[in-house]
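Enquirer: First, the structure itself, so that you have it in front of you.
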Amino acid sequence: MRAILLGFALGVWWLQQQARLPDSIGWTACVASFLFAMTLGAMKPRVRIASFAIAACAFGFAYAAIRADVRLREQLPVEYEQRDIELTGFVHGLPQQQPDGTRFLFEVQTNGAGLRDFPRLVRLVWMSPDHAKLRAGERWTLSARLKRAHANANFGLRDAEASLLESGIRATGNVSTARMPRRLRPDATGPRLTIDRLRARARDRIESVLGDAPHRGIIVALAVGAQDAVSDADWTVMRATGTSHLVAISGLHIGFVAGLAALIVGFAWKRIRVRGVSAPLIAAAPKVAAAGAAAFAACYAALAGFNVPAQRTLWMLLIVAVAFLCGRRPASSLVLLWALAFVLIADPWAVTSPGFWLSFCAVAAILHAIASAGRVESRAQAQDHDDIDQWDRVDPSEVGGRPEPSRKRRPLAFIARFVGRARRHIASSVRVQYAVTIALAPLTVYWFSQIPLFGPLANAFAIPWISVLVTPATLAGFMLPAPLDAPMLHAAHAALSVLCDMLARLADAASSPLWYLPRPDAFALAASCIGIAWALAPRGWPLRFAAPLTWLPLLAPAAHPAPEGAFRVTALDIGQGSALVVETARHTLLFDAGPGPESTHAGERIVVPYLRAAGVHALDALVISHSDSDHAGGAPAVLQSIAVRQLLASLPANDALWSGARSRGAQTLRCAAGQRWTWDGVEFRMLWPEPGPLSGKPNHQSCVLKVTSAAGRAALFAADIEADVERTLIAHEGAALRADVLIVPHHGSRTSSIEPFLDSVGPFAAIFQVGYRNRFHHPHPTVFARYRMRDIVLSRSDEDGAARSEIGSQITFERYRQSHARYWMAR
């Protein structure tokens with residue numbers, strides 16, 4: 001059975017790695033594989049397990065493909081994008097209050113376009129003073145401008161479009177002012193919406209009781225699973241100490257609630273009498289307690305929004321409860337695998353989320369460590385019993401004492417029993433923490449490119465603190481009516497404040513509480529997983545001391561992207577803006593940093609994580625071409641997170657970036673034509689602006705940088721220059737403009753890329769950094785056609801994601817959405 005369940009999970013995972021859904025040939029092969037494996041397993045007992053596992057893999061692949069095909073049918077036609085469409089439906093989930101308005105999910109019942117396969121669930125932003133009126137379950141008629149489900153696609157970072165697909169979000173957009181939104185009566189009904197309303201009321205009540213308390217957001221997250229109210233300061237501390245998982249309603253919290261519910265239900269059931277008959281005579285108290293634990297766990301998981309860790313714990317509890325009611329006791333590993341199968345049946349796209357892997361791998365590591373230590377534990381318990389028996393048999397007269405009644409010897413036995421249990425409990429806790437720490441380290445590096453150095457120490461006291469003090473008080477405040485809820489919520493916040501203070505001091509104890517590592521490749525990840533299983537093997541396993549050697553590829557520094565004399569350019573997909581990473585054999589330069597908090601937070605969300613995933617711990621140079629926010633907005637996040645040795649920019653003298661860079665030890669210099677330097681045989685040359693005081697609008701002041709390999713191949717970064725600057729460059733530096741790769745000026749606007757400029761550059765490839773359906777309508781159709789007429793290899797970030805070119809004696813060109821294609825892209 002274990003092999004069959006693993007085969008099913010493997011098939012579901014394999015489907016999510018496909019570039020396209022199976023066609024008729026693929027379906028024929030899948031069905032043939034399933035029938036052949038089933039027939040072979042029925043006829044050949046010796047290969048039955050392997051055959052049935054292969055059949056389960058084919059079945060899982062087919063099941064996930066069918067689910068994907070059904071979900072992808074809900075599609076917004078391209079011709080209806082950014083058009084005002086009247087929608088009638090209801091608010092789904094909890095609306096999130098943000099500075100730019102309210103972000104919420106809207107379940108569409110009817111659409112004004114009359115489309116049949118219209119997206120059922122869309123994500124909207126309402127920038128209106130009336131956005132505070134939104135409540136879960138309310139029915140509205142509103143006008144919205146929608147886009148197809150689309151997200152940034154970058155090398156080394158998580159595919160955000162997979163998250164949209166998993167959530168069932170098939171379109172995003174804004175509530176428009178084309179028609180005044182109006183609320184309809186009655187509100188929508190149903191069990192799910194009832195739960196959403198209950199969560200909303202609980203959140204409002206907690207916020208009204210705690211007011212502006214600093215850690216109010218964590219209490220809300222523990223009560224109803226809404227994490228949008230957690231402050232940035234709390235997130236920073238928890239990430240630094242590896243305790244972010246405590247904010248979510250995870251398996252730990254649901255397990256605690258289930259255990260507490262079992263105790264309460266069992267205690268109450270033993271004292272109930274039905275028509276004079278004791279309740280335990282009708283149904284055994286342990287079975288009623290198990291059923292009550294499962295019911296309470298289901299309610300708490302519903303409050304959490306049924307995230308993957310909550311689903312995993314709930315399924316495990318339900319399986320154990322059903323088995324117990326039936327008089328069975330399944331193995332822990334089988335319970336975990338059944339939970340794995342049920343989670344993937346409900347959500348085949350769960351395998352694309354970090355929470356899925358972290359949750360199941362953590363439990364698997366705990367079970368493996370406990371099983372490996374089982375024999376040692378049994379011997380320890382036997383030794384404790386021998387020690388207790390020795391205390392019971394000892395004769396005080398043999399040690400010079402006077403014989404005493406046996407009841408006087410019992411305290412000695414009790415102390416020995418207490419010491420033995422405490423020793424085993426401490427050893428078990430240490431073993432579990434050790435197993436979870438080393439098991440999740442490779443996954444944490446893969447998903448987040450970091451390891452919290454103080455994670456084991458912080459979790460050692462944070463987990464019991466949250467479980468024993470904060471969570472019970474929060475749940476009591478949630479369940480008690482007003483005004484009895486206020487003391488419990490204040491007590492929960494007081495306990496949480498003490499914990500947050502301790503975590504903050506722990507994070508401040510070291511200058512760098514996080515160890516940043518490059519994202520591992522498949523070999524490093526596989527080797528580290530083998531090492532984990534090796535290290536957690538039973539005592540006496542051969543060469544256990546050598547297990548850490550398998551982790552060396554994980555800890556190795558990132559490989560140099562280019563040989564001596566060559567360089568690599570990565571144009572990140574950051575939406576409407578610019579961010580380019582240039583890497584030589586031993587140096588890294590970042591040209592622009594994308595938008596900042598005023599727009600999409602791309603500097604913090606994309607640029608910094610990409611640099612860390614690529615193993616870049618310090619930038620030799622940060623070039624900010626000009627002051628427009630889509631180029632300079634992300635620079636403060638980069639300066640705060642990555643060491644920068646030099647800042648070159650075309651910014652006014654009073655710009656805050658200058659002082660911010662100097663405060664972090666970076667040299668500052670205004671970029672100007674004529675500047676040259678060489679790194680690892682690669683020449684960097686600034687072509688614009690001219691030396692002297694800055695004049696004109698910011699686009700006119702843009703830095704223009706040319707990077708040339710030792711073989712003479714070059715890339716030209718033109719920032720946001722327009723036709724007037726292009727003409728000046730042609731007149732003064734016409735020959736110097738020649739380049740093989742061009743970052744298109746001003747995102748392809750109609751005021752740039754004049755034909756003489758393109759003829760002077762003569763590029764082999766050109767990259768448009770533009771946002772999907774951006775409001776500027778970049779690139780302009782005429783300009784884009786101008787490039788296509790010259791047979792230039794083109795890449796658009798809104799269609800191709802990030803683009804990467806390695807330039808040496810030869811030129812290679814890679815588009816992310818082609819080399820890492822998945823079936824949901826452009827669907």
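The values are calculated or read from the model by the stated rules, or taken from the named source; none is laboratory data. Note that the structure is predicted; figures quoted are calculated from it, not measured. All Cβ positions, even for glycine, are placed from backbone atoms using ideal geometry, and neighbour counts span all protein chains on display.
Enquirer: Given the criteria among the basic types (Lys, Arg) and more than 28 Å from the chain's Cα centre (by Cα), does Arg312 qualify?
Expert: No, not satisfied.
Enquirer: Hey, can you tell me all the residues within the stretch 689-730 that are under 36 Å from the mean Cα position of the chain (by Cα) and farther than 22 Å from Leu589 by Cβ?
Expert: none
Enquirer: Further question on the same structure: In the list Arg796, Arg773, which residue meets the criterion of being surrounded by 17 or more Cβ atoms within 10 Å (Cβ to Cβ), at pLDDT below 95, of a type outside the set (Asp, Glu) and under 30 Å from the mean Cα position of the chain (by Cα)?
Expert: So the residue among Arg796, Arg773 that is surrounded by 17 or more Cβ atoms within 10 Å (Cβ to Cβ), at pLDDT below 95, of a type outside the set (Asp, Glu) and under 30 Å from the mean Cα position of the chain (by Cα) is Arg773.
Enquirer: Then there is this: Anything in the stretch 649-662 that is out of contact with any Cys (no Cβ under 9 Å at 6 or more places or on another chain) and either of a type in the set (Phe, Trp, Tyr) or assigned to a loop (DSSP other than H, G, I, E, B) (or both)? List them, or say none.
Expert: Of everything in the stretch 649-662, those that are out of contact with any Cys (no Cβ under 9 Å at 6 or more places or on another chain) and either of a type in the set (Phe, Trp, Tyr) or assigned to a loop (DSSP other than H, G, I, E, B) (or both) turn out to be Leu651, Pro652, Ala653, Asn654, Asp655, Trp658.
Enquirer: Step by step: first the residues of the stretch 760-770, then only those that are of a type in the set (Gly, Ala, Ser) and within 15 Å of Thr570 (Cα to Cα), then the one that is surrounded by the most Cβ atoms within 10 Å (Cβ to Cβ). Which residue is that?
Expert: So the residue we want is Ala766.
Enquirer: Continuing with the same structure: In the set Ala268, Ala362, which member is surrounded by fewer than 17 Cβ atoms within 10 Å (Cβ to Cβ), part of a helix (DSSP H, G or I) and either in contact (Cβ under 8 Å) with a residue 24 or more places away in the chain or not acidic (Asp, Glu) (or both)?
Expert: Only one candidate qualifies: Ala268.
Enquirer: Continuing with the same structure: Looking at (1) assigned to a strand (DSSP E or B); (2) touching a Ser or Thr at 6+ places or on another chain (Cβ under 7 Å), which is the one condition that is false for Ala178?
Expert: Of the numbered conditions (1) assigned to a strand (DSSP E or B); (2) touching a Ser or Thr at 6+ places or on another chain (Cβ under 7 Å), the odd one out for Ala178 is (1).
Enquirer: For residues in the stretch 687-732 being charged (D, E, K, R) and buried (at least 17 other Cβ atoms within 10 Å of the Cβ), which is farthest from Asp759 (Cα to Cα)?
Expert: Per the stated criteria, the residue is Asp720.
Enquirer: Among the residues of the stretch 511-524, which ones are farther than 25 Å from Ile642 by Cα and either touching an Asp or Glu at 6+ places or on another chain (Cβ under 8 Å) or not aromatic (Phe, Trp, Tyr) (or both)?
Expert: Ala522
So that you can scan it fast, the table gives a plain yes or no per residue for (1) more than 19 Å from Gly305 (Cα to Cα); (2) part of a helix (DSSP H, G or I); (3) in contact (Cβ under 8 Å) with a residue 12 or more places away in the chain:
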position	(1), (2), (3)
Ala188	no, no, yes
Arg197	no, yes, yes
Ala202	no, yes, yes
Pro214	yes, no, yes
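Enquirer: I've got another one for you. Would you kindly identify the strands (runs of 3 or more DSSP E) lying entirely within the stretch 663-767 that contain at least 2 residues that are in contact (Cβ under 8 Å) with a residue 12 or more places away in the chain?
Expert: The strands (runs of 3 or more DSSP E) meeting that bar are 667-670, 682-688, 704-708, 714-717, 741-743.
Enquirer: On the given criteria, is Val237 within 25 Å of Glu138 (Cα to Cα), at pLDDT 85 or above, part of a helix (DSSP H, G or I) and of a type in the set (Val, Ile, Thr)?
Expert: In short, no.
Enquirer: Same structure, new question: So how many residues does the stretch 501-521 have that are surrounded by fewer than 19 Cβ atoms within 10 Å (Cβ to Cβ) and either among the charged types (D, E, K, R) or over 19 Å from the mean Cα position of the chain (by Cα) (or both)?
Expert: Residues flagged as surrounded by fewer than 19 Cβ atoms within 10 Å (Cβ to Cβ) and either among the charged types (D, E, K, R) or over 19 Å from the mean Cα position of the chain (by Cα) (or both) within the stretch 501-521 amount to 10.
Enquirer: From Thr588, Thr584, grab the single residue that is in contact (Cβ under 8 Å) with a residue 40 or more places away in the chain and assigned by TED's automatic domain parsing to the domain that holds Gln769.
Expert: Thr584
Enquirer: Still on this structure, please answer the following. So which residues in the stretch 522-537 are small (Gly, Ala, Ser) and buried (at least 20 other Cβ atoms within 10 Å of the Cβ)?
Expert: Ala524, Ser528, Gly531, Ala535
Enquirer: Suppose the filter is touching a strand residue (DSSP E or B) at 6+ places or on another chain (Cβ under 9 Å) and on the phi < 0 side of the Ramachandran plot; does Asp759 pass it?
Expert: Judged against the criteria, Asp759 is not a match.
Enquirer: Take the stretch 629-658 and flag every residue that is of a type in the set (A, V, I, L, M) and surrounded by 15 or more Cβ atoms within 10 Å (Cβ to Cβ).
Expert: Answer for the stretch 629-658, where residues must be of a type in the set (A, V, I, L, M) and surrounded by 15 or more Cβ atoms within 10 Å (Cβ to Cβ): Ala632, Ala635, Ala637, Val638, Leu639, Ile642, Val644, Leu647, Leu648, Ala649, Leu651, Leu657.
Enquirer: Those residues that are among the charged types (D, E, K, R) and in contact with an Asp or Glu (Cβ under 7 Å, 6 or more places away or on another chain), I need them from the stretch 1-36; list them, please.
Expert: none
Enquirer: With the requirement that a residue be buried (at least 20 other Cβ atoms within 10 Å of the Cβ) and out of contact with any Leu (no Cβ under 9 Å at 6 or more places or on another chain), what does the stretch 167-186 give you?
Expert: none
Enquirer: Hey, does the stretch 434-444 have a residue that's surrounded by fewer than 18 Cβ atoms within 10 Å (Cβ to Cβ) and either in contact with a helix residue (DSSP H, G or I) (Cβ under 8 Å, 6 or more places away or on another chain) or hydrophobic (A, V, I, L, M, F, W, C) (or both)?
Expert: So far as the stretch 434-444 goes, yes, one or more of its residues are surrounded by fewer than 18 Cβ atoms within 10 Å (Cβ to Cβ) and either in contact with a helix residue (DSSP H, G or I) (Cβ under 8 Å, 6 or more places away or on another chain) or hydrophobic (A, V, I, L, M, F, W, C) (or both).
Enquirer: Kindly indicate which of Arg804, Arg775 is basic (Lys, Arg) and touching a helix residue (DSSP H, G or I) at 6+ places or on another chain (Cβ under 9 Å).
Expert: Arg804
Enquirer: Being over 19 Å from Leu340 (Cβ atoms) and at pLDDT below 95 is the requirement here; does Arg2 meet it?
Expert: Criteria not met by Arg2.
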